[in-house]
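The values are calculated or read from the model by the stated rules, or taken from the named source; none is laboratory data. Nothing here was measured: the structure is a model prediction, and the numbers come from that model. All Cβ positions, glycine included, derive from the backbone under ideal geometry; neighbour counts span all protein chains shown.
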Amino acid sequence: MFFHTGIVVIHQLPVNQETLWLRILGKGNVQQKAIEQLKKLPLHYPHRDNIIDLVLNLLAMLELNQKKGNILQPENRELVMKLSPIY
């Protein structure tokens, strides 16, 4: 059995809908542009619901960690604040 490992350099990904989810996990300007792109996704975009589900799961995990007494890192708090109003 063979396993393959790859490294993704998020800030070097092309800016398109296929890389949107990964770019949301990025930092700074890359993340901000991805969030803006997420807000503008057409309702009929085929993967929109999947991306929204992933974002909601991420927000739920961050919120759960916070409720368990773990302090969110500033960048995660900022991400929650940016994504929460979208949904």
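Would you mind telling me which numbered condition in (1) in a helix (DSSP H, G or I); (2) surrounded by 10 or more Cβ atoms within 10 Å (Cβ to Cβ) Val8 fails?
That leaves (1) as the condition not met.
The rows are residues; the columns are (1) polar (S, T, N, Q); (2) farther than 20 Å from Lys82 by Cβ; (3) at pLDDT below 90.
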{"site": "Thr5", "(1), (2), (3)": "yes, yes, no"}
{"site": "Asn16", "(1), (2), (3)": "yes, yes, no"}
{"site": "Ala34", "(1), (2), (3)": "no, no, no"}
{"site": "Gln66", "(1), (2), (3)": "yes, no, yes"}
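Please count how many residues of region 36-48 are closer than 16 Å to Lys82 by Cα and either assigned to a helix (DSSP H, G or I) or in contact with an Asp or Glu (Cβ under 9 Å, 6 or more places away or on another chain) (or both).
Result for region 36-48: 4.
Against the definition (hydrophobic (A, V, I, L, M, F, W, C), loosely packed, with under 15 Cβ neighbours inside 10 Å and out of contact with any helix residue (DSSP H, G or I) (no Cβ under 7 Å at 6 or more places or on another chain)), how does Leu22 come out, yes or no?
no
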